[in-house]
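Take a look at the structure set out below.
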Amino acid sequence: MIRPMMGRRAKPKKFDMPLRYYDPEKENRRRKRIQITTRGRRRDGQGLRVFVYAVGLGIVIWIMTIL
């Protein structure tokens, strides 16, 4: 508690990181294990949803003009 008041700053703790070497064969095995295979791409339903809303809005407007 006294040291910070005297102008001394806390020193960062020393960190010794273990050395790791890049092994391309091991990296390829890891990628193949993690890789997810899908059968096909699912189509986005956004266009269909907009079309259904537009048709619904058209029906509502058509009913309002009749009454």
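Looking across 8, 3, one residue alone is among the basic types (Lys, Arg), at pLDDT below 75 and not in a helix (DSSP H, G or I). It is 8. Among the residues of region 17-45, not one is at pLDDT below 85, assigned to a helix (DSSP H, G or I) and of a type in the set (S, T, N, Q). When residues of region 13-67 are filtered for being open to solvent by 100 Å² or more (accessible area, probe 1.4 Å) and not aromatic (Phe, Trp, Tyr), how many remain? The qualifying residues number 29.
The values are calculated or read from the model by the stated rules, or taken from the named source; none is laboratory data. Small disclaimer: the values here were computed from a predicted structure and weren't measured. Surface accessibility is based on the protein's heavy atoms, side chains included, excluding ligands, DNA and RNA. Shrake-Rupley method; radii C 1.70, N 1.55, O 1.52, S 1.80 Å.
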